[in-house]
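This report concerns only the one structure given below.
The values are calculated or read from the model by the stated rules, or taken from the named source; none is laboratory data. Every value quoted in this text rests on a predicted model; they were computed, and no experiment measured them. Virtual Cβ from ideal backbone geometry, glycine too; neighbours counted across all protein chains shown. Remember, those area values only see protein heavy atoms, side chains included, never the ligands or the DNA or RNA. Shrake-Rupley method; radii C 1.70, N 1.55, O 1.52, S 1.80 Å.
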Amino acid sequence: MTSVASLSSPDSSASEASPAPSVPSTPARRPSQERPAHPLGAHAHAWTPEKARAMFRSGVSGPTAGIAAGHTQANLISVPADWAYDMLLFCQRNPVPCPLLDVTDAGSWTTPLAVGADLRTDLPRYRVWEHGELVDEPTDVVGHWRDDLVSFLIGCSFTFEWALGAAGVPLRHIEQGRNVSMYVTARQCRPAGRLHGPLVVSMRPVPPEHLAAAIRETSLMPAVHGSPVHCGEPSGLGIRSLAHPDFGDAVEAEPDDIPVFWACGVTPQAAVMASRPPFAITHAPGRMFVTDARDEQYRVA
């Protein structure tokens, strides 16, 4: 297999798949930038879910990989009720990138996944969309909330990282205090009603000797994306350069690391950009909702 080091050259290009479409995104940080062990502090891994949500409610913001270790994290998308069936169908038809953990009633900002939590305030950063355009990235959405919004909580790959770590698989983005790298691919999701769009993937560089463990451990957690959708050459997904993620941060890889790609819960945001519903609220990529559920609850064996 080909290593990350040989795949992240600016001259890399897709050969068998069309280039992934360009999407608006937060500029990715380059590996050369110095960053702390974790942007939210050295003890963030030991926070309880309640403390994590309280910190975010107070305005603290940063990527949530490794936060409140052992507790399930979730992607968020909230759409008007007249788009909710389309979103539900989109998730049902695309269960690998969009595994549903919970769906709220219209107007509700609560979930049994975290009793007492508020979906409007308890994430570190949100994105607000109008007709497919990003119009705001606030740390709470109380001022944007509508009584007709239905929220979907979708499984997140940060949840299976405890299993990867326990199996000895290095997590380069956590080691480097960075957000995970995410890419828009050339693979299209199955459309649902008015919703359509490309698959988004997250990428983790994995040493060859740990590849089998990475596949095995994540395959046991289908509710949080499950096993990889692709390993090796990124052009197989229409990704031109690993050095330029569409979302998140560029992550430094060791010379022999293999790029391993998992379906990503940012996929509904790509659908929002492609399908242009009149309004939507999402999490900011890599800044998730931390639930009270334990990671092992989503392990099937």
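Annotation note: Cβ proximity below 9 Å between a residue of the range 235-253 that is among the basic types (Lys, Arg) and a residue that is part of a helix (DSSP H, G or I) (sequence gap 6+ or interchain) occurs for 240/234. Suppose the filter is in a helix (DSSP H, G or I), open to solvent by 20 Å² or more (accessible area, probe 1.4 Å) and under 27 Å from residue 82 (Cβ atoms); does residue 165 pass it? Judged against the criteria, residue 165 is not a match.
Only one of the numbered conditions (1) open to solvent by less than 20 Å² (accessible area, probe 1.4 Å); (2) hydroxyl-bearing (Ser, Thr, Tyr); (3) more than 22 Å from residue 224 (Cα to Cα) is violated by residue 139, and that is (1). If you scan the range 71-124, which residues turn out to be open to solvent by 10 Å² or more (accessible area, probe 1.4 Å), more than 10 Å from residue 151 (Cβ to Cβ) and not in a loop (DSSP other than H, G, I, E, B)? Answer for the range 71-124, where residues must be open to solvent by 10 Å² or more (accessible area, probe 1.4 Å), more than 10 Å from residue 151 (Cβ to Cβ) and not in a loop (DSSP other than H, G, I, E, B): 71, 81, 82, 83, 85, 86, 88, 89, 92, 93, 100, 101.
For the range 258-284, which positions are open to solvent by 10 Å² or more (accessible area, probe 1.4 Å) and under 21 Å from residue 120 (Cα atoms)? Correct list: 278, 279.
Can you confirm whether the range 184-200 contains a residue that is open to solvent by less than 30 Å² (accessible area, probe 1.4 Å) and farther than 23 Å from residue 95 by Cα? For the range 184-200, residues open to solvent by less than 30 Å² (accessible area, probe 1.4 Å) and farther than 23 Å from residue 95 by Cα: absent. Within the range 70-80, identify whether any single residue is at pLDDT 95 or above, β-branched (Val, Ile, Thr) and more than 19 Å from residue 223 (Cα to Cα), and answer yes or no. Yes, the range 70-80 has at least one match. The residues on offer are 223, 214, and the sole one that is under 16 Å from residue 264 (Cβ atoms), in contact with a Pro (Cβ under 8 Å, 6 or more places away or on another chain), open to solvent by 10 Å² or more (accessible area, probe 1.4 Å) and in a helix (DSSP H, G or I) is 223.
Within this structure, residue 131 fails the test of being open to solvent by 50 Å² or more (accessible area, probe 1.4 Å) and touching a strand residue (DSSP E or B) at 6+ places or on another chain (Cβ under 6 Å). Could you list, ordered by first residue, the pairs with Cβ atoms under 9 Å in which the first is in the range 40-57 and modelled with pLDDT of 95 or more and part of a helix (DSSP H, G or I) and the second is open to solvent by 60 Å² or more (accessible area, probe 1.4 Å) and of a type in the set (Gly, Ala, Ser), at least 6 apart or interchain? If the second residue must be open to solvent by 60 Å² or more (accessible area, probe 1.4 Å) and of a type in the set (Gly, Ala, Ser), the pairs left are 50/116; 53/116. Checked against (1) assigned to a loop (DSSP other than H, G, I, E, B); (2) in contact with a strand residue (DSSP E or B) (Cβ under 9 Å, 6 or more places away or on another chain); (3) open to solvent by 10 Å² or more (accessible area, probe 1.4 Å), residue 255 passes all but a single condition, namely (2).
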